[in-house]
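In what follows, a single structure is set out as structure tokens and then discussed.
The values are calculated or read from the model by the stated rules, or taken from the named source; none is laboratory data. The structure displayed is predicted, hence computed values, not measured ones. Cβ placement follows ideal geometry from the backbone for every residue including glycine, while neighbour counts extend to all protein chains displayed. The protein model used for the area step is the full one, side chains on, heavy atoms only, and it has no ligands, DNA or RNA in it. Shrake-Rupley method; radii C 1.70, N 1.55, O 1.52, S 1.80 Å.
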Amino acid sequence: MSLGELFQQRKVITPAQHKQAKAARKPSERIENCLVRLGFIHERDVLAIYSEQLSIPLIDLNEVPIDVELLKQTPSKVVHRDRVIPIDRHDGTIRVATSNPFNLYAFDELRMLMGAKIETVLATSEEISRIIKQHFGVGGETVGAMLGESDVEIVSEFDVDNADLIEQAQEATVVKLVNEILLEAIRDRASDVHIEPYENDLRIRYRIDGVLHTTNVPPEIRRFHAAIVSRIKILSNLNIAEKRLPQDGGFKIKAQNRDIDLRVSIIPTAYGGAVVMRILDKQSVLLSLDQLGLIDEALAGVQYLISQPYGIILVTGPTGSGKTTTLYGALNTIRSDKIKILTIEDPIEYYLDGIQQMQIKPHIGLTFASGLRSFLRHDPDVILVGEIRDLETAEVAINASLTGHLVFSTLHTNDAVTATTRLLDMGVEPFLVSSAISGVLAQRLVRRICKECRQEYVPDKSDLPADFKIEKGQTLFRGAGCRDCRNSGYRGRLGIFEMLMITNQLRGMIVERRSATDLQVVARKDGLKLMREDGWSKVLAGMTTVEEIVRVTKTDVSAIV
């Protein structure tokens, strides 16, 4: 009986999935590997069968200590090529972890090179890759190959001829190295990749769930900095010869059967070009409003506003606070065949079925303001403007709302009440702001406690902020750290929100150009719940931790007491 038939018999897969796998199977590919590739089963399911049939133990490398000295003694070429990890040595026998127990050549080679008997155990390829990355760095095999190539000349970014640099950037090994950096970021669910050169070091950091993590890379990678930056410039269609001015661009890739856009920014620093790549996964799942973290007054307020026929709804917060995702969630809630929705964005981050989306192109005169004017001739019911950046865009958006359209947009302010004063500072007339704005939603993103290692604990009240009210003996939650969350205790993010509804009293104050502080005092009396208070609600509900709320919000004593 084949493994495919065995999985079918054990009802791990359906007959239809088995049939599909046999049709999609590549020449010489094992049926179980095809089932994993198609996502019908997990690799650990396959290894469990191997373990049962071959009597080879299945282990979790996260829970087994690795003999680092033994790993250093093992030829890195064998580790990278055959994906094997020596774990420990006892009585002349080396225990080796592999995800492919049929690679007998690799075990024979290791036995000869290490002068010891080899005992195999099974571990997933993901766990093996993690150990290799941890000890050899991302792209370690590729950098090693580059250092061994006689036809790759190591050059300085400051005195290299552009033709030579282009040639070096297109070397297969450099292409592979950049691909490995990107693929590792995508696997780790990173939103940004930072490539930062220093005098004797090249640091690569991934922003995961809003926090930067330095990834391990071989120290020799610094010598290939110029080639890496040049490869990224070529992909982004940027000027490879320009090293004095900042440059912005982007490119698209397909990874893990997903279409992914990358926004690229390169700035000159003392030791060469520093790169930041924003990863935009266009096939990310669109979240509903409650999945985003909207609860209670904020959820009710947004649901009321998006059901109105006209007015402007603003979402505010710093870059990377999830504003666009919230707006997409709102559009996803109201979209139907009965209304026409148009969006103008920079860039289009997700594609929405049934919605017409347009990307601005300032170099040919297509700006938010000019695109918005054209939209009004397309008979829309709802318009999304990616961002209000200037007076012209603000005035066109306000006129659109006053002529019977529901307008969504974003603004860069720290809280909800300062959104109105920000528009006044841009030069918008107070009576237009008070007439057009229906509500302002301010938000931040906090990390969500990992569901796999979430545990209860009783906090010490002396360690808690003064504005966080908790009963004596009341329990909170935190993540202990596990494989799924990279031992951080967090996996995924959710929003904390501040929903300001513009009442008639607030409209009058806006016309009078009253300060944001005065507006907040009145709004608080009307029931405004601050972001920090919304955060405390989510701490008590076990969604996030006290530390996360403290990290992204500040205490406003006058507003809380």
**Study point:** Residues that are open to solvent by 80 Å² or more (accessible area, probe 1.4 Å) and among the hydrophobic types (A, V, I, L, M, F, W, C), drawn from region 451-475
**Key:** 458, 466
Point to revise | Selected residue (criterion: modelled with the highest pLDDT) from residues of region 180-204 that are within 24 Å of residue 449 (Cβ to Cβ) and open to solvent by 40 Å² or more (accessible area, probe 1.4 Å) | key: 189
Point to revise | For residue 528: the one exception among (1) buried (at least 16 other Cβ atoms within 10 Å of the Cβ); (2) within 17 Å of residue 465 (Cα to Cα); (3) not polar (S, T, N, Q) | key: (2)
Review point. Would you pick out the residues in region 369-387 that are open to solvent by 10 Å² or more (accessible area, probe 1.4 Å) and either farther than 19 Å from residue 428 by Cα or within 32 Å of the chain's Cα centre (by Cα) (or both)?
Key: 370, 374, 375, 376, 377, 378, 379, 381, 386, 387
Point to revise | Residue check, residue 465 closer than 23 Å to residue 553 by Cβ, in contact (Cβ under 8 Å) with a residue 40 or more places away in the chain and of a type outside the set (Phe, Trp, Tyr) | key: yes
Exercise for review: Run down 336, 374 and say which single residue is closer than 17 Å to residue 308 by Cα and either of a type in the set (Phe, Trp, Tyr) or out of contact with any strand residue (DSSP E or B) (no Cβ under 7 Å at 6 or more places or on another chain) (or both).
Suggested key: 336
**Study point:** Boolean, residue 292 is in contact (Cβ under 8 Å) with a residue 24 or more places away in the chain, of a type outside the set (D, E, K, R), within 30 Å of residue 547 (Cβ to Cβ) and surrounded by 13 or more Cβ atoms within 10 Å (Cβ to Cβ)
**Key:** yes
Review point. Within region 446-465, is there a residue that is within 30 Å of residue 354 (Cβ to Cβ) and either of a type outside the set (Val, Ile, Thr) or touching a Cys at 6+ places or on another chain (Cβ under 8 Å) (or both)?
Key: yes
Revision key, fill the gap. Picked from region 423-439 (must be open to solvent by less than 20 Å² (accessible area, probe 1.4 Å) and within 32 Å of the chain's Cα centre (by Cα)), the residue farthest from residue 295 (Cα to Cα) is 423
Point to revise | The one condition in (1) open to solvent by 60 Å² or more (accessible area, probe 1.4 Å); (2) more than 25 Å from residue 133 (Cβ to Cβ); (3) touching a strand residue (DSSP E or B) at 6+ places or on another chain (Cβ under 9 Å) that residue 207 fails to fulfil | key: (2)
Review point. Here are some conditions: (1) under 39 Å from the mean Cα position of the chain (by Cα); (2) part of a strand (DSSP E or B). Residue 78 meets all but one. Which one does it not meet?
Key: (2)
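Yes/no per residue for (1) in a loop (DSSP other than H, G, I, E, B); (2) modelled with pLDDT under 90; (3) over 22 Å from the mean Cα position of the chain (by Cα):
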{"position": "217", "(1), (2), (3)": "yes, yes, no"}
{"position": "221", "(1), (2), (3)": "no, yes, yes"}
{"position": "238", "(1), (2), (3)": "yes, no, yes"}
{"position": "264", "(1), (2), (3)": "no, no, no"}
{"position": "280", "(1), (2), (3)": "no, yes, no"}
{"position": "283", "(1), (2), (3)": "yes, yes, no"}
Point to revise | Among the residues listed as 498, 452, 471, 547, the single one being without any contact (Cβ under 8 Å) to a residue 40 or more places away in the chain and under 21 Å from residue 291 (Cβ atoms) | key: 452
Exercise for review: From 243, 233, grab the single residue that is touching a residue at least 24 places away in the same chain (Cβ under 8 Å), in contact with a Pro (Cβ under 9 Å, 6 or more places away or on another chain) and not in a strand (DSSP E or B).
Suggested key: 243
Study note, to complete from the structure: Subset of region 248-263, residues surrounded by 15 or more Cβ atoms within 10 Å (Cβ to Cβ) and closer than 18 Å to residue 320 by Cα, comes to 250, 260, 261, 262, 263
Check your understanding: Just one of 419, 442 is open to solvent by less than 40 Å² (accessible area, probe 1.4 Å) and out of contact with any helix residue (DSSP H, G or I) (no Cβ under 7 Å at 6 or more places or on another chain); which is it?
Key -> 419
Check your understanding: Which one is most open to solvent (accessible area, probe 1.4 Å) among residues in region 3-35 that are of a type in the set (Lys, Arg) and in a loop (DSSP other than H, G, I, E, B)?
Key -> 11
Practice item. Return the residue satisfying two criteria in turn: it lies in region 45-94 and is of a type in the set (Gly, Ala, Ser) and within 15 Å of residue 121 (Cα to Cα), and of such residues it is surrounded by the most Cβ atoms within 10 Å (Cβ to Cβ). Key: 51
Practice item. Taking residue 520 as meeting all but one of (1) crowded, with 17+ Cβ neighbours inside 10 Å; (2) among the polar types (S, T, N, Q); (3) under 26 Å from the mean Cα position of the chain (by Cα), write down the number of the exception. Key: (3)
Check your understanding: Among 310, 328, which is the only one that is among the aromatic types (Phe, Trp, Tyr) and either open to solvent by 50 Å² or more (accessible area, probe 1.4 Å) or modelled with pLDDT under 85 (or both)?
Key -> 310
